[in-house]
Amino acid sequence: MRVYVPLTLSGLAEAYKEGHLGPTPLTAYAVTPALREWYVSDDIEELEYAALSRAAQASLRLLAVDPRAPRRRVVVAVDVPDGQAVADPDRGLDQSALGEVRIKAAIPLAKAAAVHLDADDAERDVAAAADALGAADLGDDDAQFTVDGAEDHELLWYATQEIPNLIE
């Protein structure tokens, strides 16, 4: 099963240093039955993109609580055994938990398939979105527009061998 782990660049640097994604339990995003039902598609690429997008939103939340982290969303794609990523059945249809899974064991970073990261030119919009997230959660339409602006930026794909250059 492919899972998408939301991080920050600081979190990616820590994972690189430690050699694994953690601490556990990890929250990640994947193509879950609830995500399939919500997205109403059988196209696995579209569904995986939806899970990646959910992880990017979670990365933005991590940025909102870590003002020292560089303002770029980071998502690590990892393939794990099917039983290792578990969706909470009680939150299955909760809109905020769509695609969310928990992983109880640390994942060796060597198992990562790719890293997805904002380009440098997204930093201003991502920073504004992270700052506006709290107000958007409270229903502020202008703040939500700012948060949505971060999603206008596609995450770039990087091979895992490029991680040392990404965290410099």
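A short reminder: the numbers here are calculations on the coordinates, not readings from a lab. Given the structure is predicted, the values throughout are model-derived calculations rather than measurements.
Quick notes on this structure:
- Overall form of segment 1-92 per C-alpha gyration tensor (a/c, 1.5; a/b vs b/c): prolate
- Extents of the chain, largest first, come to 41, 39, 27 Å (Cα atoms, principal axes, whole angstrom).
- Under the span-like rule (Cα at least 20 Å along the axis, Kyte-Doolittle mean at least -0.5), DSSP H helices of the chain: 44-65, 123-137
- Here the Kirkwood formula puts the hydrodynamic radius of segment 107-168 at 13.2 Å, using every distinct Cα pair.
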